[in-house]
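Quick notes on the structure that follows.
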Amino acid sequence: MTSLKHSLRLLALATVFAHGAQAAPVDAGAKPSVVIVHGAFADGSDWAKVIPLLQAKGVKVTAVQNPLTSLADDVAATRRAIDSQPGKVVLVGHSWGGTVITEAGQHDKVGSLVYVAAFAPDAGKSTAETGAGYPAAPGSKRFVADKEGFLSLPEAAMREDFAQDLPRAQAAVMTATQGPIQAKAFGEKVSVAAWTSKPSWFIVSAQDRMIDPGLLRAMAGKIGAKTTELQASHVPQQSRPAEVAKIILDAVAATK
């Protein structure tokens, strides 16, 4: 009997959560918030320099922690973050995160997109297909795979190709905190391209050694983004945080 009562209490509690945990309603008068989607070989801390600059301007910021297990899983994590926002959202994606926001950005709350040294696939295309016809960047040849197919970057590659404009000690921390990505994710196709219906901003890193800068420029032009080119590595959010924050704030100001 005690066991039955305990089970009934758990069932009642689960029912309360199921009915109470609803998406946050849209507040049309709220300032747009920012949801940031990190890329492969990183986590949300990759944006630790930009986030306080946005918060200082009164912007609510959420950094998604991608599982990096598949495109679908990362999109689901991003949509949960979008759902929890009080109003319109400026959705920011770095690198692999650009593929994620291309899919997840097709959401009623998303008002605009910001691509930071990021992929912007067409509908029906994968990240790998998006780079076809362009030179393989040096860092993309240095991935290390584990027995389950997750890719990571060794410290030398992080230092020399991912974040070559950052101090060696900082690159070492980034190596330690990186999120390995399931290799198969790069072959998974997006079903929609949110940039076809949402205004976009794009930061091109002219010294990028993870994605060919020519490819970045081509993607920015194709999606009709407001484009800024920075003399930076693949992680301008780390080496040029003030300039990256300004571009995101421009998107916030333009999003209604």
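FYI, it's all coordinate maths here, none of it is from the lab. If you're wondering where the values come from, they're calculated on a predicted model, not measured in any experiment. Methodologically, a virtual Cβ is constructed for each residue, glycine included, from the backbone with ideal geometry; neighbour enumeration extends over all protein chains shown.
Can you give the net charge of the other residues whose Cβ lies under 12 Å from the Cβ of residue 239, counting K and R as +1 and D and E as -1? Counting the neighbours of residue 239, the net charge comes to -2.
Among the DSSP beta bridges whose two residues both lie in the chain, what percent are antiparallel, rounded to the nearest 5?
Given both bridge residues lie in the chain, the antiparallel proportion sits at roughly 15 percent.
So which of 49/125; 49/226; 189/256 end up more than 25 Å apart by C-alpha? Flagged as over cut-off: 49/125; 189/256. Farthest toward the positive end of the dipole of the range 125-244, out of 230, 207, 192, is the Cα of 192, where the dipole comes from beta carbon charges about the Cα centre. 3J(HN,Hα) couplings calculated from phi for the range 243-252 with the Karplus curve 6.51 cos²θ - 1.76 cosθ + 1.60 (θ = phi - 60°) are, in sequence order, 6, 5, 4, 4, 5, 5, 5, 4, 5, 4 Hz; Gly and Pro show x. Positive contributions from Lys and Arg (+1) and negative ones from Asp and Glu (-1), summed over other residues with Cβ under 9 Å from the Cβ of residue 66, come out at -3. When the alpha carbon gyration tensor of the range 131-242 is reduced to an equivalent ellipsoid, its three semi-axes come out at 24, 20, 13 angstrom, largest first. In degrees from 0 to 90, rounded to the nearest 10, what is the angle of the helix 168-177 Cα long axis to the longest principal axis of the chain? Result, in degrees: 40. Between helix 71-83 and the chain, what is the angle of the helix's C-alpha long axis to the longest principal axis, kept within 0 to 90° and rounded to the nearest 10? Orientation of helix 71-83: about 60 degrees from the principal axis. Positive contributions from Lys and Arg (+1) and negative ones from Asp and Glu (-1), summed over other residues with Cβ under 11 Å from the Cβ of residue 200, come out at +3.
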